[in-house]
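Have a look at the structure below before the remarks.
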Amino acid sequence: MTYRRALSLDTLVAEVNAAAPRRDKASDGWIGDPSHQSRTSDHNPWMKDSKGVGVVRAQDITHDAANGCDAGELAAQITALLGLHPALGNGAYVIYNRRIVSTSRIREGWRPYSGSNAHTQHVHVSVGYAGYDSTTPWGVLASMRVKVLPKRIQATITQIDREIIRVRTARKVAKSKGERPASYTDALLALRAA
């Protein structure tokens, strides 16, 4: 059986790795080991894409706060995206430190989790049944509190994040007025020229 990781999780892992390039990856994982394979788990490729390839909808990301990847902060950031990010619709959930939160029960917030793995060494992210191949950025690169990057680089990331927010706002305003918004590139160039 051929299988692959959901593209949205490829995007998430790439952002985390860019934000914390020296982080430990000892508890990282996406494809189920034999213990996962013997039970229902999103680490198993039970979902099939349009080509019949099995898709794994789960990713574990190691907690390594010393090197820029605080799993608690990452879990909170992803939780804030539940129901908003295209990959975090129905079927999506996050597990960390004996707690779980899911899109389907978002109003309950974090609940106790009593599964066989307490998820204290890593955060578990399962993406939804639809949208799992979305490559929409997660935004964790700009928002992770990366203590290992020089302040100059952190300031640049913050500035770029602010520019993107301003451009998105300007595009929304233009659309609401029935105008055709400028492309992102043109809008950023105009913003920087102002």
* Structure fact -> Relative to the chain, whose Cα atoms define the longest principal axis, helix 71-81 and its Cα axis are tilted in degrees, nearest 10, by 70 degrees
* Structure fact -> Amide H neighbours of residue 56 at under 5 Å, excluding residues fewer than 5 places away on the same chain, with H built from the backbone geometry, are 4, 5, 6
* Structure fact -> Interchain or sequence-distant (5+) residues whose placed amide H lies within less than 5 Å of the amide H of residue 69 are 64
* To do: Could you state the angle between the C-alpha long axis of helix 184-193 and the longest principal axis of the C-alpha atoms of the chain, as a value from 0 to 90 degrees rounded to the nearest 10?
  => 50 degrees
* Structure fact -> Checking 86, 181, 45 against a Gaussian network model of the chain (alpha-carbon springs below 10 Å), the top fluctuating residue turns out to be 181
* Could you calculate the FRET efficiency of residue 159 with residue 25 from 1/(1 + (r/R0)^6), where r is the beta carbon distance between them and R0 is 30 Å, rounded to 0.05? => 0.55
* To do: Could you tell me which label, among (1) 45, 42, 37; (2) 42, 36, 33; (3) 59, 40, 35, carries the value of Cα extents along the principal axes in Å calculated for this structure?
  => (3)
* Compare the Cα positions of 136, 30, 47 along the charge dipole of segment 1-146 (+1 at Cβ of Lys, Arg; -1 at Cβ of Asp, Glu; about the Cα centre) and return the one farthest towards the positive end. => 47
* To do: Work out from phi, with θ = phi - 60° and the Karplus expression 6.51 cos²θ - 1.76 cosθ + 1.60, the ³J(HN,Hα) of each residue of segment 45-55, listed in order in whole Hz, and give x for Gly and Pro.
  => x, 6, 8, 10, 7, 5, 9, x, 7, x, 10
* Structure fact -> For the pair residue 46 and residue 130, the simple spin-label estimate (label points 7 Å beyond Cα toward Cβ) gives in nm 2.1 nm
* segment 30-129 - convex hull of the alpha-carbon atoms, volume per residue in Å³ -> 108 Å³
* Say each of residue 114 and residue 190 gets a label point 7 Å from the Cα, pointing the same way as Cα to Cβ; how far apart are those two points in nm? -> 5.8 nm
* Structure fact -> With the 1.4 Å probe rolled over protein heavy atoms, the chain has an accessible area per residue in Å² of 57 Å²
* **Portion, in percent, of the accessible area of segment 53-194 that falls on carbon or sulfur, probe 1.4 Å** => 54 percent
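The values are calculated or read from the model by the stated rules, or taken from the named source; none is laboratory data. Keep in mind it's a predicted model, so treat the numbers as computed, not measured. No Cβ is skipped: glycine too gets one built from the backbone with ideal geometry, and neighbour counts run over all protein chains shown. Quick note on the areas: whole protein, heavy atoms, side chains included, nothing else; ligands and nucleic acids left out. Shrake-Rupley method; radii C 1.70, N 1.55, O 1.52, S 1.80 Å.
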